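Here is the structure we will look at.
The values are calculated or read from the model by the stated rules, or taken from the named source; none is laboratory data. Note that this is a predicted model, so its numbers are computed, not measured. Cβ: placed from backbone, ideal geometry, glycine included. Neighbour counts: every protein chain shown. Please note that ligands, DNA and RNA were not included when accessible areas were found on the heavy atoms of the full protein model with its side chains. Shrake-Rupley method; radii C 1.70, N 1.55, O 1.52, S 1.80 Å.
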Amino acid sequence: MEAVLGIDVGGTSIKAGLFTPEGELLEERKIPTPALVDDAAYAAVTDGLKRILNAHDATPEDVIACGLDIPGPVADDGTVGFLPNIKLDPEGLVGAISSVFPRAQIAFVNDANAAALGEMWAGVAHGTSSYVLIALGTGVGAGVVVNGRLVAGAFGAGGEIGHITVNPNETLTCGCGRKGCLEQYASAKGIVRLYLAECEARGVTPVKVEHATDTLSVFRALASGDDCAKLAVDQMCEYLAQAMAQVSCVVDPAMYLIGGGVAGAFATFAPELRRRFAAHALSTCRDVRIEAASLGNQAAMYGCAYEALRLRDAAGK
């Protein structure tokens with residue numbers, strides 16, 4: 001059999017998926033790993049991958065493509081940029097994987113970009129050639145697909161819509177060092193911050209919030225009629241709609257997909273987001289579909305596997 005691997009690289013583990021070349025997920029398995037910077041760590045990865053293959057009567061020689069998604073910028077030429085949240089030696093890991101899986105085409109993909117590709121391969125964007133997946137999680141990222149091709153950018157910043165300036169009057173500094181970025185309002189952390197700030201401004205006691213990204217509590221408060229929660233979510237929709245309207249003027253996608261952890265509440269805020277987008281968008285762009293992404297936390301795993309397959313096909317292997 002021919003097999004494809006998709007590897008979602010995290011700080012303390014990887015999530016590996018074994019796929020057929022047609023996109024069927026045969027198995028998903030989590031493999032604990034130390035920092036991916038030495039031979040022992042690389043062996044933990046490759047040994048774990050070989051165990052998955054063995055369970056399906058496959059060998060390392062059967063692997064024709066292996067994609068890896070990482071939480072950092074990856075340029076058009078595959079160059080991996082700064083990785084602030086994980087310890088990873090990309091060249092060392094690629095060398096180890098290539099030596100164990102000699103037939104495999106290797107690909108590195110930014111995690112949000114990978115999620116967008118995953119939705120194209122096996123999700124709600126299948127058959128759509130132009131769309132943007134917006135991942136609302138701890139931060140805000142996006143994967144932009146135009147004419148069936150991912151727009152990674154010359155420096156790997158394609159899709160960094162979390163750092164579009166939506167409020168030039170903001171005084172707080174974003175993690176990127178600038179002020180007024182979309183990420184400060186539409187991320188899980190941003191929504192919680194907006195809610196707590198509104199409660200403080202009104203002198204009311206907020207619902208119990210477990211941690212800085214606990215949007216679940218905010219959306220529960222919204223469902224129970226909490227005015228501060230409603231204002232926070234409305235602000236999130238307003239800033240997100242502004243950013244999407246700007247993206248449409250540049251990319252003009254047929255569809256936006258909303259993913260990430262915050263997307264669990266998509267049905268709650270979707271009507272308001274669609275209304276505000278229509279109010280801000282250029283008239284020719286107003287009919288864009290705004291939908292929930294469908295593959296959840298498996299999307300990036302699918303997408304990096306798909307990108308490795310595409311690179312293999314492009315190389316004529």
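Nonpolar atom fraction for the chain, defined as the carbon and sulfur part of the 1.4 Å probe accessible area, stands at 51 percent.
Taking label positions 7 Å along the Cα-Cβ direction at both residue 59 and residue 268, the computed distance is 5.3 nm, reported to one decimal.
For the stretch 32-44, putting each phi into the Karplus relation 6.51 cos²θ - 1.76 cosθ + 1.60 with θ = phi - 60° gives couplings of x, 9, x, 4, 8, 10, 8, 4, 5, 5, 4, 5, 4 Hz, in residue order, rounded to whole numbers and with x for Gly and Pro. DSSP beta bridges confined to the chain are antiparallel in about 50 percent of cases.
Between 158, 261, 177, the GNM of the chain built on Cα springs shorter than 10 angstrom shows 177 fluctuating the most.
Here the contact order of the stretch 175-296, divided by its residue count and restricted to Cα pairs under 8 Å and six or more residues apart, works out to 25 percent. The phi torsions of the stretch 56-70, fed into the Karplus equation with coefficients 6.51, -1.76 and 1.60 and a -60° offset, translate into couplings of 10, 6, 10, 10, x, 5, 7, 7, 9, 7, 9, x, 10, 10, 9 Hz, rounded to whole numbers, with Gly and Pro shown as x. Can you give the local net charge around residue 202? Use residues other than it whose beta-carbon is closer than 14 angstrom to its beta-carbon, Lys and Arg +1, Asp and Glu -1. Charge balance in the 14 Å sphere: -3. Where the centre of each part is set by its Cα atoms, how far does the stretch 173-244 sit from the stretch 48-63, in angstrom? Rounded to whole Å, the Cα centres lie 45 Å apart. For the stretch 170-312, how big is the tail of P(r) above 23 Å, as a whole percent of Cα pairs? Across the stretch 170-312, Cα pairs with separations above 23 Å total 43 percent. Compare 143, 296, 17 in a GNM of the chain, Cα atoms joined below 10 Å, and give the one with the largest fluctuation. Checking each option, the largest mean-square fluctuation is seen for 296.
What shape does the stretch 232-317 take by its C-alpha gyration tensor, where a ≥ b ≥ c are the square roots of the eigenvalues and a/c under 1.5 counts as rounded, a/b above b/c as prolate, and the rest as oblate? Oblate, since a/c reaches 1.5 and b/c is not below a/b.
Annotation: amide H-H contacts under 5 Å for residue 254 (H modelled 1.01 Å from N, sequence separation of 5 or more, or interchain): 130, 131. Think of the stretch 3-95 as a dipole: +1 on every Lys or Arg Cβ, -1 on every Asp or Glu Cβ, centred on the Cα centre; then among 80, 18, 44, 44 lies furthest on the positive end. On a straight-distance basis, which lysines could pair with residue 30 in a cross-link, Cα separation under 16 angstrom, same-chain partners fewer than 8 positions away excluded? Counting by Cα, and skipping residues close in sequence, residue 30 has these lysines nearby: 15, 50. Overall, the stretch 126-253 carries a charge dipole of about 200 debye about its Cα centre when +1 sits on the Cβ of Lys and Arg and -1 on the Cβ of Asp and Glu, all other atoms neutral.
What is the local net charge at residue 254, summed over the other residues whose Cβ is closer than 14 Å to its Cβ (Lys, Arg +1; Asp, Glu -1)? Counting the neighbours of residue 254, the net charge comes to -2. Set the Cα radius of gyration of the stretch 237-286 against 2.2 N^0.38 Å, with N its number of residues, and you get 1.09. When only Cα pairs below 8 angstrom with a gap of at least 6 residues are kept, the chain shows a relative contact order of 21 percent. Each other residue within a Cβ distance under 13 Å of residue 240 adds +1 if Lys or Arg and -1 if Asp or Glu, for a net charge of -1. Using only alpha-carbon positions in the chain, the gyration tensor eigenvalues give semi-axes of 36, 21, 17 Å once each is multiplied by 5 and square-rooted (largest first).
Farthest toward the positive end of the dipole of the stretch 164-261, out of 212, 259, 231, is the Cα of 212, where the dipole comes from beta carbon charges about the Cα centre.
Computed with the Debye formula from one identical point scatterer per Cα of the stretch 52-167, without solvent, the log10 of I(q)/I(0) at q = 0.12, 0.15, 0.23 Å⁻¹ comes to -0.50, -0.75, -1.28. Looking at the stretch 1-108 alone, DSSP beta bridges between its own residues are antiparallel in about 55 percent of cases.
Can you give the calculated 222 nm mean residue ellipticity of the chain, where each DSSP H run of n ≥ 4 adds -39,500 (n - 2.57) and the sum is split over every residue, rounded to the nearest 500 deg cm²/dmol? The per-residue figure over the chain is -12500 deg cm²/dmol. Proximity of backbone amide H atoms, modeled 1.01 Å from N, is registered between residue 259 and 134, 135, 136, 293 at under 5 Å, excluding neighbours fewer than 5 places apart on the same chain.
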